[in-house]
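Okay, so here's the structure we're looking at.
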Ligand code: NAP
Ligand code: MG
């Protein structure tokens, strides 16, 4: 066995099931060189040809949806229902951005003495660094718009979860997307990911992961004025006002935070409840939390699976101070990395209240006024998502405008929609993915003036 073989562990059993080879710096440099050489050919394809290849790629993903989902269950412990949604999301994102090559419009701007037009030029080689929490969607949110805009892509999956990204690259190549246009390189963050930052031929880094590493990426990119997009952590509030549908708010709150075992930067891990309905809300929340089905992830009825790793479970456990536990749900015992849904009654000095737990742990606190709710929601360095429950449309809008976060939902905990922009305020990130906005992050505007003087 080669020295850089890496063991993959099934999170629901704790057992090694496969090994992958991790790429070295030299292999990363070679891949970047091939991606650079492939760039002009990909950029210069007729727009409809590039669109057609992306549609074929989407169809290939659609045909392999169940296999991709099963692979993710094994590698990441996601519930089979979630994993099917995630594979479907890759196909949908590819279809959405397949429309882009033929619609990358510039502008014609009135000027005296000539014609002024703008072009949206691709950047060149784009390096995408993906975390383990949503291996398929987060990869696709990078590679689909990047490829559509005419860039070539080198992508590093998380060490823990490389298998679906490798399979997606095979599917891309099977429909005729050149192998040097889209390359997946399993490897360590400090080797392959770091090389994306330092290699001068990588023109942009797309990073999703921890805020600590995101800051290092930003610092490293500054040296070459390299473009970057960051999608980092979140400490997101679910604000429940007394005038809301309290039954519905309580019944849905667990799914707003415990989906993917809470390993979601959009998890609503702070529940703020107006004092007059606080006791009633907790009464309703308890059966809702106990009703969350934490099961073997291949079970069709599973609503939550295990955590990604033993290390992540240890980290999550460290946030649970038993004196603050209000109630918990249940989970299987066995060798997987199981952790039960857990509800804490937190004070403002509680680490679980202040830090991203990235596990199935939620903190509940009462508030008195609308202003206090907004202040509590904003009392964090993060600003990614949040939910607002009220029947008062004016309040819904005031609070939506008051919460400093990039993605809010009223009377729901809507998942990210691929055709709307997604990204963070404050230390939750920089730049926007998805929707029409993502293409701005994968193109440069070029202005050309053509004189009409004789
Ligand atoms: P992480 O270290 O930020 O990892 C994210 C990705 O960055 C992985 O592919 C990782 O590679 C890579 N990476 C690590 N160090 C790097 C470096 N110096 N240069 C370039 N790339 C690098 O996150 P983590 O350690 O997996 O998770 C820690 C915590 O981060 C979580 O508990 C959670 O709070 C947060 N997190 C947030 C998100 C999100 O969606 N915003 C996702 C994941 C984690 P390796 O696989 O080799 O480490
Ligand atoms: Mg890390």
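Out of the residues in the range 197-208 meeting the condition of being more than 7 Å from ligand 1 (Cβ to nearest atom) and more than 22 Å from residue 234 (Cα to Cα), tell me which one is surrounded by the fewest Cβ atoms within 10 Å (Cβ to Cβ).
In this case the residue turns out to be 200.
Considering every residue within the range 160-169, establish whether at least one is more than 26 Å from residue 415 (Cα to Cα), touching a strand residue (DSSP E or B) at 6+ places or on another chain (Cβ under 6 Å), touching a residue at least 24 places away in the same chain (Cβ under 8 Å) and not in a loop (DSSP other than H, G, I, E, B).
Checked against the condition, which is being more than 26 Å from residue 415 (Cα to Cα), touching a strand residue (DSSP E or B) at 6+ places or on another chain (Cβ under 6 Å), touching a residue at least 24 places away in the same chain (Cβ under 8 Å) and not in a loop (DSSP other than H, G, I, E, B), the range 160-169 yields no hits at all.
Among all residue pairs at least 6 apart or on different chains, which show Cβ distances below 7 Å where the first residue, located in the range 208-220, is under 21 Å from residue 134 (Cβ atoms) and the second is part of a helix (DSSP H, G or I) and within 8 Å of ligand 1 (Cβ to nearest atom)?
208/138; 213/189; 217/197
Looking for something within 16 Å of ligand 2 (Cβ to nearest atom), surrounded by 24 or more Cβ atoms within 10 Å (Cβ to Cβ), at pLDDT 95 or above and not assigned by TED's automatic domain parsing to the domain that holds residue 301 - is there at least one such residue anywhere in the range 215-229?
Within the range 215-229 (the criterion being within 16 Å of ligand 2 (Cβ to nearest atom), surrounded by 24 or more Cβ atoms within 10 Å (Cβ to Cβ), at pLDDT 95 or above and not assigned by TED's automatic domain parsing to the domain that holds residue 301), the answer is yes, since at least one residue qualifies.
Kindly check whether there is at least one residue in the range 209-227 that is within 14 Å of ligand 1 (Cβ to nearest atom) and in a strand (DSSP E or B).
no
Applying the selection to the range 82-108, what residues are loosely packed, with under 15 Cβ neighbours inside 10 Å and touching a residue at least 12 places away in the same chain (Cβ under 8 Å)?
Matches in the range 82-108: 99, 102, 105.
Being within 16 Å of ligand 2 (Cβ to nearest atom) and more than 26 Å from residue 409 (Cα to Cα) is the requirement here; does residue 156 meet it?
Against the criterion (within 16 Å of ligand 2 (Cβ to nearest atom) and more than 26 Å from residue 409 (Cα to Cα)), residue 156 qualifies.
For the range 171-191, name all the residues that are within 16 Å of ligand 2 (Cβ to nearest atom) and assigned to a loop (DSSP other than H, G, I, E, B).
Of everything in the range 171-191, those that are within 16 Å of ligand 2 (Cβ to nearest atom) and assigned to a loop (DSSP other than H, G, I, E, B) turn out to be 186, 187, 188.
Let me confirm something: among 124, 88, which residue is in contact with a strand residue (DSSP E or B) (Cβ under 7 Å, 6 or more places away or on another chain) and away from ligand 1 (no atom under 16 Å from the Cβ)?
Only one candidate passes the filter, namely 124.
Tally time: how many residues in the range 232-258 are within 18 Å of residue 405 (Cβ to Cβ) and in contact with a helix residue (DSSP H, G or I) (Cβ under 9 Å, 6 or more places away or on another chain)?
Our first condition is that a residue be within 18 Å of residue 405 (Cβ to Cβ); within the range 232-258, this holds for 232-241, 253, 256-257.
Retained after the next criterion (residues that are in contact with a helix residue (DSSP H, G or I) (Cβ under 9 Å, 6 or more places away or on another chain)): 232-241, 253.
Residues in the range 232-258 being within 18 Å of residue 405 (Cβ to Cβ) and in contact with a helix residue (DSSP H, G or I) (Cβ under 9 Å, 6 or more places away or on another chain): 11 in total.
Any residue in the range 140-159 that is more than 10 Å from ligand 1 (Cβ to nearest atom), in the same structural domain as residue 103 (by TED's automatic domain parsing), closer than 12 Å to residue 35 by Cβ and out of contact with any strand residue (DSSP E or B) (no Cβ under 8 Å at 6 or more places or on another chain)?
The answer is no, given that none of the residues of the range 140-159 is more than 10 Å from ligand 1 (Cβ to nearest atom), in the same structural domain as residue 103 (by TED's automatic domain parsing), closer than 12 Å to residue 35 by Cβ and out of contact with any strand residue (DSSP E or B) (no Cβ under 8 Å at 6 or more places or on another chain).
The values are calculated or read from the model by the stated rules, or taken from the named source; none is laboratory data. None of the values given here were measured: they were computed from a predicted structure. Note that each Cβ is placed from the backbone with ideal geometry, even for glycine, and that neighbours are counted across all protein chains shown.
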